[in-house]
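Only the coordinates and a few stated rules stand behind these numbers; no lab work does. Note that the structure is predicted; figures quoted are calculated from it, not measured. Neighbour counts run over all protein chains shown; Cβ positions are idealised from the backbone, glycine included.
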């Protein structure tokens, strides 16, 4: 399958939003929605191998959105110009909600290699064993697959440390229907969605915004982490940290999530915040 796109595959896969991919000799092995694909870019084309439809690929990589228009809308903020240039080509993936919940619960006080290792271990221990034209692989375990997994199992087999309690409790909350994933997907109100997400164990405001953005595909999500605090403090001195969430929503509106990902990528790449001109 060949699709022409300006998306930068490497940046998109490794900008901190997605963790179930591996570098191959010629491209990337990518796992999503119990599918496995092998993808690479060549002369402006996304080349994909796997048992997936073009519709699934376009949806997952968000290929039908006009990112140039998004960038144009955000360029009115001078401190975003350099980050936008550096992050050009990043797309916000349309990931599975349950997988994103587990992913960002595991992300607390962790790092990308550790998160990736834990997720692959989780799949290998509790996910369904699947097979495609390239051989066997493991899908992502659903809540039912984790019903009988104990905290000790998460800690010993997945190496998640203190997050073992969060995985156990969140799984039970979902299975008990105290938070309904299908209802969450239908929620248009980001504040209502955040409120429900924070009922889950291990999900505070920052993680809830990550899930809102990456799992519910609601671009009103704006996770405020150490990088965001540093950048907003430098560019808006005198504003209280408690105001940063509202500030971002007011500034960036429907593009808040993309602005956050752009700033996050810039800050992590440059190891610094932006400067206000």
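Cα centroid separation, the range 198-271 to the range 128-193: 24 Å. Given their separation in residues at 0.36 nm each and the Cα-Cα distance between them, residue 45 and residue 162 gain 37.8 nm when the chain is fully extended.
In the chain, the calculated helix contribution to ellipticity at 222 nm averages -13000 deg cm²/dmol per residue, counting -39,500 (n - 2.57) for every DSSP H run with n ≥ 4. Dividing the alpha-carbon radius of gyration of the chain by the rule-of-thumb value 2.2 N^0.38 Å gives 1.01.
Going by the alpha-carbon gyration tensor, a ≥ b ≥ c the square roots of its eigenvalues, is the range 168-213 rounded (a/c under 1.5) or, if a/c is not under 1.5, prolate (a/b greater than b/c) versus oblate? Judged from the Cα gyration tensor, the range 168-213 comes out oblate (a/c at least 1.5, b/c at or above a/b). Using a simple spin-label model with pseudo-atoms 7 Å out from Cα toward Cβ, residue 26 and residue 10 lie 1.8 nm apart.
Values of log10 I(q)/I(0) for the range 28-115 across q = 0.21, 0.23 Å⁻¹ run -1.17, -1.19, by the Debye formula with one identical scatterer at each alpha carbon and no solvent. Overall size of the range 97-214 from C-alpha positions, given as principal axis extents largest first: 42, 33, 27 Å. Remark: spin-label model distance residue 76-residue 229 equals 3.0 nm, labels positioned 7 Å along the Cα→Cβ axis. Would you mind classifying the range 2-64 by shape? Square roots of the alpha carbon gyration tensor eigenvalues, ordered a ≥ b ≥ c; an a/c under 1.5 is rounded, otherwise it is prolate if a/b is larger than b/c and oblate if not. The shape class here is rounded. May I ask for the Rg/Rh ratio of the range 177-270, computed from Cα atoms with Rh as the Kirkwood radius, given to two decimals? Rg/Rh: 0.99.
Calculate, for residue 201 and residue 240, the FRET efficiency according to 1/(1 + (r/R0)^6) with r their C-beta to C-beta distance and R0 35 Å; round to the nearest 0.05.
On the way: r = 29 Å, r/R0 = 0.82.
E between residue 201 and residue 240, to the nearest 0.05, is 0.75.
Its Cα gyration tensor gives the range 22-177 an equivalent ellipsoid, and the semi-axes of that ellipsoid, as √(5λ) in whole Å with the largest first, are 31, 22, 15.
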